[in-house]
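The values are calculated or read from the model by the stated rules, or taken from the named source; none is laboratory data. None of the values given here were measured: they were computed from a predicted structure. Cβ placement follows ideal geometry from the backbone for every residue including glycine, while neighbour counts extend to all protein chains displayed. Each accessible area value is taken on the protein alone, full model and side chains, heavy atoms only, with ligands, DNA and RNA left out. Shrake-Rupley method; radii C 1.70, N 1.55, O 1.52, S 1.80 Å.
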Amino acid sequence: MTGNGQDWIKRFPGLAGLEPAVAQRLLREARIVRMPAGSRIFGPGQAPESLVLLLDGSVRVQQVSESGREIVLYRVSAGESCVLTTACLMAYDDYLAEAVAETDVSAVAIPRAAFDEAIAQSPVFRRFVFSTFSRRVTDLFRIIDEVAFSRIDIRLAQRLLKLAGPGGHVAQTHQQLASELGTAREVVSRQLQEFQRRGWVEVARGDVALTDRDALAHLAAEAGSVT
């Protein structure tokens, strides 16, 4: 944790034109925080104390059931805020999910009092907060639609193509992929076995090698024709 960074507002285009008095208070009261990869940033039952704006790194927000099953709700990247934190701050409610730093992260933490005042006094700040909020709510509805109605083979093909590095490898376990897709590990394992039988992937411990990207891309493209 360090002192205030006097130029962090420039990292967020939505805050351009922020009223001087509001900007001065945010710069005065906000703190720059740093957390290593793997840190649990918040969890269920905790009350948010600050609005967090990410400067660097990636944060995964996920829901964990009583049985231990996980689903990734969304990720927060540099230049974004956490919509769940925004919702809980505005509703004076506790978190119902958890956030984990996927990489080393640095962020701006705006205390609740400064957040409340900025929301009340600044049209620019309100627009920034609510535009981010509305985009993320739309993303969450898309995730619900995918989990409820989309075929798992199509979703897995899409996810593998998205996560694959330049060498065509996805360095994730079956459980991690299941969490990404909101399904059970056994379901992912069966589908990967089928992909491997077709010659599309090669599966090893903690790694999936894409051996036929074209076939996976063809399957992934079927999403547009599925109703």
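Has segment 63-76 got at least one residue that is modelled with pLDDT under 90, charged (D, E, K, R) and touching a helix residue (DSSP H, G or I) at 6+ places or on another chain (Cβ under 9 Å)?
The answer is yes; a qualifying residue exists.
Of everything in segment 89-112, what is open to solvent by less than 20 Å² (accessible area, probe 1.4 Å) and touching a Leu at 6+ places or on another chain (Cβ under 9 Å)? Give them in sequence order.
Selection gives L89, Y95, A97, A99, V105, S106, A107, V108, A109, I110.
Which one of L156, L181 is open to solvent by less than 70 Å² (accessible area, probe 1.4 Å), of a type outside the set (D, E, K, R) and in contact with a strand residue (DSSP E or B) (Cβ under 9 Å, 6 or more places away or on another chain)?
Unique residue meeting the criteria: L181.
Only one of F115, F128 is touching a strand residue (DSSP E or B) at 6+ places or on another chain (Cβ under 7 Å), aromatic (F, W, Y), open to solvent by less than 50 Å² (accessible area, probe 1.4 Å) and in a helix (DSSP H, G or I); which?
F115
Could we say that F141 is under 15 Å from the mean Cα position of the chain (by Cα) and of a type in the set (F, W, Y) here?
Considered against the rule, which asks whether it is under 15 Å from the mean Cα position of the chain (by Cα) and of a type in the set (F, W, Y), F141 comes out as yes.
Only one residue in E194, E180 is under 30 Å from S81 (Cβ atoms), assigned to a helix (DSSP H, G or I) and in contact (Cβ under 8 Å) with a residue 40 or more places away in the chain. Which one?
After ruling out the rest, the residue left standing is E180.
Are there any pairs with C-beta distances below 8 angstrom linking a residue in segment 39-61 that is free of Cβ contacts under 8 Å to residues at least 40 places away in the same chain to a residue that is assigned to a loop (DSSP other than H, G, I, E, B), with the two at least 6 apart or on different chains, and if so which?
So the pair list comes out as V61/C82; V61/A97.
Do we have any residue at all in segment 21-37 that's modelled with pLDDT of 90 or more, part of a loop (DSSP other than H, G, I, E, B) and open to solvent by 60 Å² or more (accessible area, probe 1.4 Å)?
Yes, some residue in segment 21-37 is modelled with pLDDT of 90 or more, part of a loop (DSSP other than H, G, I, E, B) and open to solvent by 60 Å² or more (accessible area, probe 1.4 Å).
Could you look through segment 38-51, keep only residues that are part of a strand (DSSP E or B) and closer than 11 Å to I110 by Cβ, and pick out the one that is farthest from the chain's Cα centre (by Cα)?
Filtering segment 38-51 for residues that are part of a strand (DSSP E or B) and closer than 11 Å to I110 by Cβ, the one farthest from the chain's Cα centre (by Cα) comes out as S50.
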